[in-house]
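Input: a single structure, listed below in structure tokens.
The values are calculated or read from the model by the stated rules, or taken from the named source; none is laboratory data. Just so it is clear, the model here is predicted, and its values are computed rather than measured. Virtual Cβ from ideal backbone geometry, glycine too; neighbours counted across all protein chains shown.
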Amino acid sequence: MITNARQLYPVKDESQTIAGIPVRVFLPPSIPATKRNRVLINLHGGGFNVYASSFLESIPIANLTGTKVISVYYRLASQAPFPAAVDDVVAVY
């Protein structure tokens, strides 16, 4: 499915760490000048309990909006109690 998404919505992506939190950064093929200072922070679905495929959300969002998308891999509730996930997201923000 991810291969199909990449074919339909070309993006560049790379793993990074922001404030000690693992993230994946998705960039569209080109970013319009009016959107170069914008970023969308994507919090994958899963209710802080499971990782949902943020790739399938972030790839088309980045491509179709021409906006940089950062997908946060926050700690899950099963591994770290509340408010660990919230703290991770705030740290990235």
Open item on the list: For segment 53-93, give me each residue that is over 14 Å from the mean Cα position of the chain (by Cα), small (Gly, Ala, Ser) and at pLDDT below 95.
Closed with: Ala77, Ser78, Ala80, Ala84, Ala85
Task: Of all residues in segment 80-93 being exposed (fewer than 14 other Cβ atoms within 10 Å of the Cβ) and β-branched (Val, Ile, Thr), the one that is nearest to Ile31 (Cα to Cα) - done: Val90
Open item on the list: Cβ-Cβ distance below 9 Å, separation of 6 or more or different chains: which pairs start in segment 67-79 with a residue that is under 11 Å from Val25 (Cβ atoms) and end on one that is modelled with pLDDT of 85 or more and hydroxyl-bearing (Ser, Thr, Tyr)?
Closed with: Val69/Ser58; Ile70/Ser58; Ser71/Ser58; Val72/Tyr93
